[in-house]
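These notes are about the structure you will find just below.
No value in this document is a laboratory result; all are computed from the given coordinates. All values reported here derive from a predicted model rather than from experimental measurement. Positions of Cβ are backbone-derived with ideal geometry, glycine not excepted, and every protein chain shown enters the neighbour counts.
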Ligand SMILES: [Zn+2]
């Protein structure tokens, strides 16, 4: 004996009585099979209903193959032989709006854009369908949405039934089923006729507005994210809030937002370029001052200095400016949580800087770090300018050897 699926005949009935005909488990959770149910089990892209049996939460509803029994999966076991079922109304209505809306949208895509629906995915977070075309233009999308919303406005009746084989053969069905036995057909006011086992609204007006919110290329097709009715309103409200905040922050109207952001981005890019040039000039000047205080080591001029509160990038730039001068060695450090030692030498200085760096890093307890013979860097541990100064002294001693 299997379950009579009452939701096929009435999507609006949310309370019912039933007999328990089997107690089982599903993935370790207790599950009941009832003689009849209005609970929709997950399938056809539509998520399962939720609700209660005798007040106990039904966390999931699944179809068991091959006998097609409907499993009502519970959070905790329930012993009663009879149950009173209650389906979560908001969740069911949301699924009805979106499932009927999806049928309308799929047919509108066929008629206005010659795009066929390949699959449908509905969840609490998103409603999407995949189509077989990847080249829809903004005009196509506008035409698809206009047609879909026209069908909503016309408030057409929606009918679901199990036709006899000869009636079925004569119907202009969008998506042919691949199941054996009786096929359930959903007719959205003569606009879209397709095989479907889902729960639907009675009239298209209940779907509310249908809006495509995202179209993302997937292989040779497109994943279309859409919202209907109350979700569309929520989406509109969220986006309206964001746009309003941006409008007041930038003191422009919503139509000027795109242009204004593009202008700000261009300004930002120009300012970054100016800042980079100014930093280079500053580093040139600072390097000259540092060089005037360099100590002589044979023919070489050595600048050894640790900085507090300056980034490794800034210190690296200074090192590069210093070693651009012939005969120069730069032994610099940037103190901080991830302190860095940055050592370099001019091209005409015949010295491998890596062992010098390693001698300094050893003082900090760091054994990693290195680079090329003319430029090397290491560190990553917390160190003060004083600790770095001690490490630089070790480097100078290594030079003396
Ligand atoms: Zn369907």
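A few points about this structure:
- Taken over the C-alpha atoms, the range 287-400 has Rg and Dmax values of 12.4, 36 angstrom.
- Considering only 124, 31, 285, the Gaussian network model of the chain with Cα springs below 10 Å gives its largest mean-square fluctuation to 285.
- Neighbour-count ranking [beta-carbon atoms within 10 angstrom, fewest first] of 279, 5: 279, 5
- Degrees, to the nearest 10: 385-400 long Cα axis against longest axis of the chain: 50
- Restricting the calculation to Cα atoms, every distinct pair contributes to the Kirkwood radius of the range 183-249, found to be 14.8 Å.
- Highest-MSF residue in the chain out of 246, 109, 318 [GNM, Cα springs under 10 Å]: 318
- Theoretical FRET efficiency, 1/(1+(r/R0)^6), r = Cβ-Cβ of residue 254 and residue 296, R0 56 Å, to 0.05: 0.25
- The chain - Rg (one decimal) and Dmax (whole number), Cα, Å: 35.5, 104
- Comparing 193, 173, 353 in a Gaussian network model of the chain where C-alpha atoms under 10 Å apart are linked, the largest mean-square fluctuation is found at 353.
- Solvent-free Debye scattering, log10 I(q)/I(0), computed from the Cα coordinates of the range 244-303 at q = 0.13 Å⁻¹: -0.57
- Tilt relative to the chain, helix 353-363 - C-alpha long axis, 0 to 90 degrees, to 10: 80
- Across all directions, the shadow cast by the convex hull of the range 93-247 built on its C-alpha atoms averages 10.0 square nanometres.
- Distant alpha-carbon pairs in the range 196-349 (separation over 29 angstrom), percent: 56
- Within the range 186-201: backbone nitrogen closer than 20 Å to the residue 68 label point (7 Å, Cα to C-beta): 186-187, 194-200
- Legend: ranking of residues 323, 185 from fewest to most surrounding C-beta atoms inside 10 Å; resulting order 185, 323.
- Label-point separation, residue 273 to residue 168 (7 Å along Cα→Cβ), nm: 6.8
- Helix-only arithmetic for the chain: the sum of -39500 (n - 2.57) across DSSP H runs with n ≥ 4, divided by the residue total, places the mean residue ellipticity at 222 nm at -12000 deg cm²/dmol.
- The alpha carbons of the range 1-109 stretch over 48, 27, 23 Å along the principal axes, in descending order.
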